[in-house]
Amino acid sequence: MSEKVPTREEAYRLFTQHNQNDSLTKHALAVEGVMRYFARKRGEDEEKWGIVGLVHDLDYEQFPEEHCRKSEQILRENNWPEEYIRAVVSHGWGICSDVEPQTELEKVLYAIDELTGLVVTTALVRPSKSVLDVKTKSVKKKWKDKRFAAGVNRSIIEKGAQMLGMEITDLITDTIKGMQEVAEKIGLKGV
């Protein structure tokens, strides 16, 4: 069977077949939003970037010990394009995958995946509980406190920013902007 480019609806359906966890779904939607933002900003294929962002953690709820490897298998079984599969697998580089991010799409996904978690946590400690009023300087301040959002791997974000030739400040700013566009979908529009 030949591979076919999935639609956003097909990607979402596949993701929800494998994930029922609300916070994982919101994370997937946040990463999708940020990927779409970066694609538009860089003149890239917004649909492709968004779909890859949406399914990047496809296997995480059911197969956390086989993260990335199981996604590769599921996407192959569904005849997804090799480019999409490689991008999904590359976001786990150095953790659960030996596929190094090469393309702009792969590097952005690698850089922003962990960063969305830091932005979410920063938003949730605000009185508004909204990403709409999160500022870059607030995230940078939280960044320095290693106990804050301790699960966020800051070295991956730094490595991703270096791969992209971006300053951390600019990466944070663009990630916030991408998440603000999907604030309602990810439950961070505020109280």
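Since every read-out is calculated from the coordinates, none of them should be taken as a lab result. Note that the structure is predicted; figures quoted are calculated from it, not measured. Please note: Cβ atoms are built from the backbone with ideal geometry, for glycine as well, and neighbour counts cover all protein chains shown.
Details
- Cα long-axis angle, helix 8-18 against the chain (0 to 90 degrees, to the nearest 10): 90
- Across the cross-link table entries 48/142; 4/70; 41/140, which are compared at the Cα atoms, the separations over 24 Å belong to 48/142.
- Helical content alone sets the calculated 222 nm signal of the chain at -19000 deg cm²/dmol, taking -39,500 (n - 2.57) per DSSP H segment of four or more residues and averaging over every residue.
- For trypsin sites (Lys or Arg not before Pro), the sites in the range 127-183 that DSSP calls loop and that have at most 10 other Cβ atoms within 10 Å are 146, 147.
- Proximal lysines relative to residue 146, as straight alpha-carbon distance under 25 Å, when same-chain residues fewer than 8 apart are discounted: 26, 107, 129, 135, 137, 159, 177
- Normalised by the number of residues in the chain, the average gap of Cα pairs under 8 Å and 6 or more apart makes the relative contact order 24 percent.
- Contour excess over end-to-end distance, with Cα ends at residue 41 and residue 124 and 0.36 nm allotted per residue: 27.2 nm
- Crossing angle, helix 104-124 versus the chain [Cα axis fit, 0-90 degrees, rounded to tens]: 40
- Between the range 61-79 and the range 138-175, the Cα center-to-center distance that results, in Å: 27
- Of 111, 161, 149, the one that fluctuates the most in a GNM where the chain has Cα springs shorter than 10 Å: 149
- Over all distinct Cα-Cα pairs of the chain, the Kirkwood formula returns a hydrodynamic radius of 16.5 Å.
- Whether the range 126-169 is rounded, prolate or oblate, judged on the alpha carbon gyration tensor where a/c under 1.5 counts as rounded: oblate
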